[in-house]
Amino acid sequence: MPKAVYQSARSLASSTSMTPEEMEKKFIVPTYAAGGVRMREGLVFDKGVGSRVYAEDGSEFVDMGAGIAVTVLGHGDKEWAAAVADQVGKVAHVSNLYHTRPSLELAEKLLGSAPGMGKVFFSNSGTEANEGALKFARVVQNARGEGLRDRFIGFKQSFHGRTLGALSVTYKPGIREPFKPLLIPNVDHLPFNSIPDLEKSIGPDVVAVIVEPVQGEGGISPARREFLQRARELCDEHGVMLIFDEVQIGLGRQGNGRVWGYEEYGVVPDFVTLAKPLANGLPIGAVMINEKTYDSLEPATWLGTHGSTFAGNPVAARAANVVLDKVLAPGFLENVAENGRYLIKGLDAIKERVGDRIIQVRRPLGDAALYAGLQLPSAHVPDVIKHCLSKNVLVLGAGDTGMVVRLCPPLVITKEELDIALAALEDAIMTCVPEPSPETVAAVKADNELAGPEAADAEGTKFTVEMPVATELASTSVEDYEKKLNALEHTKLPEGFSIGTTTFEFQPEELPETANPASMKITVIKPDAPTDMYGAMFTQNAFPGAPVRVCREILAERGPLGALVINNKISNVHPRAGGVSDARAICKRTAEVLGLPDDVAVMPSSTGVIGWRLPVDSMLEALPNVKSDMQSDSVLPAAKAIMTTDTFPKARSAVIRDPSSGTILGRVTGIAKGAGMIEPNMATMLVYVMTDIKADGEVLQSCLVDAVNAEGSFNRISVDADQSTSDSIVLLSSGKRAALDKSFERSALTAAVRAVCADLAQDVVRNGEGTEHVMKCKVEGAPSAKLAHGIAKAVVNSPLCKTGIAGNDPNLGRIIAAIGSYVGKVNPDFAKSVAENCTIHVGGELVFKNGEFDLDSEKEVKLIKYLEDCQLPNAAGYPAHYKTVDITINLNPSKQTGFESVVYGADLTDTYVEVNAGYRS
Ligand code: PLP
């Protein structure tokens with residue numbers, strides 16, 4: 001053996017007696033931590049389970065860093081580990097000279113998850129993915145032969161990797177400057193989020209713009225939606241390639257139920273790069289290429305343009321397949337969003353308590369991500385990291401200023417683990433970060449502005465919408481439910497409203513005198529002063545009730561509105577004498593009782609039996625009692641008084657907050673009644689949403705239209721496929737709080753009204769007549785939004801699907817019957833493709849593919865259990881849980897680039913029939 005080799009083997013043999021720090025110093029190039037110390041002397045990790053890692057001495061840590069946003073499935077995921085072990089045992093590497101199955105399957109799955117993307121190139125890391133995208137951008141430009149383009153555009157505070165090409169577009173001067181001259185000499189780093197700078201800089205000499213939708217290393221700063229949308233427009237205008245670096249934010253980190261960051265922005269880039277989370281810790285990266293961009297060149301153009309020995313390695317690809325299967329499984333991203341909201345809410349609450357020791361809680365758009373940055377007023381991040389470590393919690397820093405703590409835990413982290421981390425963080429901040437002087441606070445805020453002239457405009461930094469997640473209302477009794485509604489502040493009225501109710505008995509004139517008397521409740525909602533700040537939407541039914549017709553006239557005139565008057569039991573729809581004069585009489589009396597001037601309108605609503613006449617005299621007599629009941633403490637009496645066959649009251653309240661000061665800018669509170677005859681086509685049933693924020697009627701109207709049509713909201717539900725004659729939704733403002741800044745007024749109000757409406761709508765389904773299961777039917781890959789929506793509705797409205805589910809009977813043939821019947825009717829050309837290609841998952845189980853059911857006895861048992869688990873107790877006066885029967889239909893699984901719709905529906909039980917067979921009694 002040659003001497004040199006013998007000596008090096010000897011020094012390795014002595015390593016067992018060395019500390020880790022000594023070994024690192026002796027053997028490893030010191031590019032990382034100073035002096036070989038990584039976090040804490042002697043700390044060596046050797047095991048991980050879920051979101052916890054364990055040191056050699058057995059101490060346990062909650063992992064809020066996930067190995068720098070990598071281990072999304074947590075540590076030691078069993079299926080992941082088994083797949084990797086299996087693949088290593090089979091074949092670990094053959095190179096790209098040959099096929100292996102895992103990378104082919106991975107490519108198909110990735111593109112299936114990424115709307116608009118048509119091809120993928122695998123790499124081994126994030127920086128290599130970016131190298132690939134930068135090269136491919138040149139490939140496209142060179143092939144187009146439109147003259148020399150030599151400029152690239154990146155952004156301040158960006159990070160794209162440390163290889164020479166990616167480093168050229170990276171901003172961080174500390175790591176870039178020492179390597180000049182760089183591989184790409186001509187790069188402009190523009191201020192992030194500045195549209196004027198984009199407009200000035202993007203031109204026909206630019207090859208590509210590279211941008212992180214949420215800057216990670218730069219301190220968790222989200223791009224504004226308009227900023228990326230404008231970037232897309234300008235790139236299109238000038239033939240410039242747009243690269244989204246989603247190495248950190250991609251595959252679920254964006255939160256809000258999104259797989260990819262670009263989906264949140266409604267922008268499809270030419271290239272998307274990804275890496276960190278893809279194989280849960282094994283090295284891999286990828287560049288996805290926009291289908292149209294790829295197709296714009298002859299396939300031969302791409303030949304030989306790039307390559308890598310390890311890329312697409314079967315072990316890493318096999319691991320990545322498990323990651324994708326799990327991240328894309330129904331419920332996974334919803335859970336991320338739920339826990340993300342929990343994390344962000346927890347951080348906002350800490351900020352409220354510690355004041356300016358945290359300048360900003362930064363988070364991606366949507367406020368529902370397991371990803372956040374805490375900007376401190378001073379460079380105390382290393383102290384905070386160490387303090388958290390002493391509390392057995394791992395957190396990271398971001399950027400090179402030492403001022404942003406980064407939180408990016410595994411996406412499977414639990415609320416209990418988040419609680420541990422939040423407690424450690426709060427303690428660390430109070431201990432390590434001195435209270436800053438007002439001058440320091442002002443200077444840091446000014447720096448934030450300087451980082452990009454519009455950085456402070458970034459959505460998500462100007463306002464946050466806070467509302468507890470629905471599942472927090474899951475209850476065990478009526479008392480428990482009401483306690484929770486109160487404790488979570490859902491019953492809190494916005495400022496400047498009062499409400500009153502009264503109950504009385506009467507004899508419906510359409511029934512024989514011998515019939516039992518009926519009971520009616522009247523509710524009045526009153527802003528402190530008449531207001532012209534309101535919007536409203538009504539049923540599309542051709543036989544609308546008299547109140548709807550009166551309300552439409554009021555809305556058309558847009559005069560001042562003084563109150564809303566609502567009754568249950570009788571809906572005043574086409575009764576004898578027409579009903580309009582009755583409705584007007586009730587409104588007039590309400591105005592008198594409340595002392596409203598003559599020119600002030602009162603909007604009526606009625607719900608209940610169709611065709612009967614209102615007991616006008618009894619109502620006029622009862623109305624003064626409402627006045628003496630008026631109060632401003634709680635919306636709950638109104639939520640109860642508008643109920644008909646509902647078994648529990650529905651109320652939700654959200655606040656809009658300025659995250660930089662922590663101040664509440666205003667509140668939005670809504671109540672709804674539902675139960676039956678529910679398949680709205682604008683709003684539904686009776687819904688009243690109040691806010692104290694001043695806003696023009698026109699703004700409120702457009703927020704309402706948006707909120708009603710939004711995902712999960714009123715126009716996306718069905719209890720029994722019958723559209724009511726009385727559906728009404730009103731949004732009104734008392735104007736007690738200042739108007740929001742114009743730059744975010746619409747987005748903030750819409751977000752808050754949407755949050756309230758979507759939750760109320762889903763409660764309406766959960767509390768439909770006799771509802772024992774809530775179905776959530778998602779249709780993906782449709783050629784049009786209309787078809788996606790139509791199919792989802794066809795399934796949730798199919799009496800056979802509904803009764804099967806009611807009986808916990810997974811009679812899944814009924815689902816294809818419903819889909820086929822609808823598609824055959826409305827789009828016969830598409831019918832064959834649907835039948836051949838669609839896949840159906842129920843409760844995450846694949847039950848149908850390639851035109852065949854994939855069922856067996858084991859699945860049957862699983863599905864029965866699943867349905868039983870989703871069942872709600874019959875007619876309980878509270879929501880016992882928020883589980884849904886998830887049915888996912890993918891019409892085009894090989895692509896998934898089409899349209900999507902989610903519709904919530906109810907099952908059909910004996911109780912529904914019972915309630916409606918005897919409704920008028
Ligand atoms: N791009 C972004 C946005 C990143 O956050 C990173 C790593 O932090 C990279 C690229 C580089 O990835 P890698 O370290 O895998 O080369």
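The values are calculated or read from the model by the stated rules, or taken from the named source; none is laboratory data. Source: prediction; values computed, not measured. Here Cβ is always computed from backbone atoms with ideal geometry, including for glycine, and neighbour counts include all displayed protein chains.
Within the bounds of the range 241-248, is there any residue that is more than 16 Å from the ligand (Cβ to nearest atom) and either assigned to a loop (DSSP other than H, G, I, E, B) or in contact with a strand residue (DSSP E or B) (Cβ under 9 Å, 6 or more places away or on another chain) (or both)? So far as the range 241-248 goes, yes, one or more of its residues are more than 16 Å from the ligand (Cβ to nearest atom) and either assigned to a loop (DSSP other than H, G, I, E, B) or in contact with a strand residue (DSSP E or B) (Cβ under 9 Å, 6 or more places away or on another chain) (or both).
Every condition in (1) more than 30 Å from ALA320 (Cα to Cα); (2) modelled with pLDDT under 95 is met by ILE153 except one, and the failing one is (2). Counting the residues of the range 249-259 that are of a type in the set (Lys, Arg) and within 13 Å of the ligand (Cβ to nearest atom) gives 1. Scanning the range 220-240 for residues that are within 16 Å of the ligand (Cβ to nearest atom) and closer than 21 Å to PRO115 by Cβ turns up PRO222, ALA223, LEU228. Considering the range 318-356, and only residues there that are of a type in the set (Gly, Ala, Ser) and not in a helix (DSSP H, G or I), the residue that is nearest to THR100 (Cα to Cα) turns out to be ALA329. Inside the range 721-767, residues that are among the basic types (Lys, Arg) and crowded, with 23+ Cβ neighbours inside 10 Å make up a count of 2.
In the range 41-72, of all residues being of a type outside the set (A, V, I, L, M) and within 25 Å of GLU246 (Cβ to Cβ), the one that is farthest from the ligand (Cβ to nearest atom) corresponds to GLY50. For the range 199-219, the tally of residues that are modelled with pLDDT of 95 or more, under 20 Å from GLU264 (Cβ atoms) and either away from the ligand (no atom under 16 Å from the Cβ) or not charged (D, E, K, R) (or both) stands at 7.
Table: residues versus (1) touching a Phe, Trp or Tyr at 6+ places or on another chain (Cβ under 9 Å); (2) crowded, with 22+ Cβ neighbours inside 10 Å; (3) modelled with pLDDT under 95.
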site	(1), (2), (3)
VAL323	yes, yes, no
LEU328	no, no, no
LEU347	no, yes, no
VAL361	no, yes, no
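Let's see how each residue does on (1) at pLDDT 90 or above; (2) under 18 Å from LEU732 (Cα atoms); (3) surrounded by 18 or more Cβ atoms within 10 Å (Cβ to Cβ):
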| site | (1), (2), (3) |
| --- | --- |
| LEU561 | yes, yes, yes |
| ASN568 | yes, no, yes |
| MET603 | yes, yes, yes |
| LEU614 | yes, no, yes |
| ALA622 | yes, no, yes |
| ASN625 | yes, no, no |
| ALA641 | yes, no, yes |
| ARG652 | yes, yes, yes |
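Can you name every residue in the range 791-803 that is surrounded by 21 or more Cβ atoms within 10 Å (Cβ to Cβ) and in contact with a helix residue (DSSP H, G or I) (Cβ under 6 Å, 6 or more places away or on another chain)? Listed by number, the residues that qualify are ILE791, ALA794, VAL795, SER798, CYS801. For the range 261-273, enumerate the residues that are within 16 Å of the ligand (Cβ to nearest atom) and farther than 20 Å from GLY373 by Cβ. Once the filter is applied, which keeps residues that are within 16 Å of the ligand (Cβ to nearest atom) and farther than 20 Å from GLY373 by Cβ, the range 261-273 yields TYR262, PRO269, PHE271, VAL272, THR273. Consider the range 17-74 and keep the residues that are surrounded by fewer than 11 Cβ atoms within 10 Å (Cβ to Cβ) and of a type in the set (S, T, N, Q). The one that is nearest to LEU394 (Cα to Cα) is THR31. Any idea which residue in the range 113-146 is farthest from the ligand (Cβ to nearest atom), counting only those that are in a loop (DSSP other than H, G, I, E, B) and in contact (Cβ under 8 Å) with a residue 40 or more places away in the chain? Ranking the candidates gives GLU146 first. Within the option set ASP854, ASP910, ASP886, being of a type in the set (Asp, Glu) and at pLDDT 95 or above holds for one residue only, ASP886.
Only one entry of VAL287, VAL323 meets the criterion of being within 16 Å of the ligand (Cβ to nearest atom) and assigned by TED's automatic domain parsing to the domain that holds ARG225, and that entry is VAL287.
With the structure loaded, tell me whether ASN572 is more than 18 Å from ARG552 (Cβ to Cβ), in the same structural domain as THR691 (by TED's automatic domain parsing) and not β-branched (Val, Ile, Thr) or whether it fails that test. Answer is no for this residue.
Summed over the range 156-174, the residues that are part of a loop (DSSP other than H, G, I, E, B) and touching a helix residue (DSSP H, G or I) at 6+ places or on another chain (Cβ under 8 Å) give a count of 8. What residue, of SER194, SER168, is within 15 Å of the ligand (Cβ to nearest atom), hydroxyl-bearing (Ser, Thr, Tyr), surrounded by 20 or more Cβ atoms within 10 Å (Cβ to Cβ) and in contact (Cβ under 8 Å) with a residue 12 or more places away in the chain? Criteria check complete, one pass: SER168.
Of the set (1) within 18 Å of the chain's Cα centre (by Cα); (2) hydrophobic (A, V, I, L, M, F, W, C); (3) not assigned by TED's automatic domain parsing to the domain that holds THR884, all apply to VAL689 but (1). When ILE153 is tested against (1) in contact with a helix residue (DSSP H, G or I) (Cβ under 7 Å, 6 or more places away or on another chain); (2) farther than 24 Å from LYS180 by Cβ; (3) more than 11 Å from the ligand (Cβ to nearest atom), exactly one condition is not met: (2).
Conditions (1) more than 18 Å from the chain's Cα centre (by Cα); (2) at pLDDT below 95; (3) assigned to a loop (DSSP other than H, G, I, E, B), marked per residue:
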{"site": "ALA369", "(1), (2), (3)": "no, no, yes"}
{"site": "GLY373", "(1), (2), (3)": "yes, no, no"}
{"site": "SER378", "(1), (2), (3)": "yes, yes, yes"}
{"site": "PRO382", "(1), (2), (3)": "yes, yes, no"}
{"site": "LEU389", "(1), (2), (3)": "yes, no, no"}
{"site": "THR401", "(1), (2), (3)": "yes, yes, yes"}
{"site": "VAL405", "(1), (2), (3)": "yes, no, no"}
{"site": "LEU411", "(1), (2), (3)": "no, no, yes"}
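Counting the residues of the range 270-297 that are among the aromatic types (Phe, Trp, Tyr) and outside any strand (DSSP E or B) gives 1.
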